[in-house]
Structure formats: structure tokens, C-alpha cells
């Protein structure tokens, strides 16, 4: 049974396109954003047994209704939302080491009651929201596709195979 020529051409074109484009298709996927982790541990003063903090943007304005996670020893204690001014409060049962994670960053804080706080301890946690991050990578234009060696090899192979497939139709009439 003879397969029609248009099927050969279609198969070659389909293979050429789908073998050459995985890089372009993979580039469209959005990577997970990374949260910077602060390596130093700051001292924070507890006010009325509460850990206080704020989530601000680049201009210093509070970010309302943003999630803030409070943890201790790697376990989630509470998930909070900031108020309309970007502030949050967490009632601490026992002072110690706490992790605070927000859109801006993740950091560890050692909390102290007001009368036991070391000199220079901060009064509150302040996290700044990440600025807009530009995604890097190769340009997804025609030049980057043509610069791909696999695509060039497929293009050359198609340039050879398609004319051979189209030229092969006069062999059946020889009987």
C-alpha cells in the first residue's frame, strides 16, 4: 500500500517543528520565585507579649492583606494576614527563636521581653516586598530558534528529504 506524498510531507514538517520547539515551549513556563533567606538572627523586643511587624513595599507603604507565616523550630505556628496598614501581631507564649516568612523574605528572630531585651534590639519585624523581578533567559525569537543546532540539522534533513519524497511518484507507473 502506497502512502500519499502529502502524508510524508506532513510527517516531516510535524517532526521538524516538534523536535525543534521544546526549548521554546519550556521557556514559557514561569519559574518558582525564590525567597531570600536572611542568615543573621536579629533580636526583637516583645511588646505586651506580642511579636509585632510590618510588610512594606519599596516606598515604605504598608502592604494590606498579605500573608505572613510565623514558625518555630521549622513548624508553622500561625498564618496571619496584615491589616490595612500592612502590620501584623502574634501573641508569643514563650520568648525564643521564631521564623517569620512573607512575600519579602524569610528570616529568624530571637525574641525577648521588654525588660530582658539586649541593647540595640529592634522594636518590630519589617519585611520589604520583593520588587518586580525580570525573568532572564534566551530570547524566544526566530534567531534563537535558527541558532539551535538541532533545529538546523532538522532543517537541512527536511530540505533533503522533502524533495526526495516528492520526486518518488513516477516509479509506480513503470509496469
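For this structure, a couple of remarks:
- In the set (1) at pLDDT below 85; (2) part of a loop (DSSP other than H, G, I, E, B), residue 143 fails one condition alone, (2).
- Taken over region 53-65, the residue count meeting the criterion of being surrounded by fewer than 18 Cβ atoms within 10 Å (Cβ to Cβ) and in contact (Cβ under 8 Å) with a residue 40 or more places away in the chain is 2.
- Test result for residue 158, at pLDDT 90 or above, over 30 Å from residue 51 (Cβ atoms) and in contact with a helix residue (DSSP H, G or I) (Cβ under 9 Å, 6 or more places away or on another chain): yes
- Test: residue 163 is in a loop (DSSP other than H, G, I, E, B) and either modelled with pLDDT under 90 or not assigned by TED's automatic domain parsing to the domain that holds residue 11 (or both): no
- Any hit, region 21-40, residues being modelled with pLDDT of 75 or more and out of contact with any helix residue (DSSP H, G or I) (no Cβ under 9 Å at 6 or more places or on another chain): yes
- Within region 146-163, residues that are under 15 Å from residue 18 (Cα atoms) reach partners that are surrounded by 12 or more Cβ atoms within 10 Å (Cβ to Cβ) with beta carbons closer than 6 Å, at six or more positions or on different chains, in the pairs 151/20; 151/145; 154/16; 154/19; 154/20; 158/12; 158/16.
The values are calculated or read from the model by the stated rules, or taken from the named source; none is laboratory data. Keep in mind it's a predicted model, so treat the numbers as computed, not measured. Cβ: placed from backbone, ideal geometry, glycine included. Neighbour counts: every protein chain shown.
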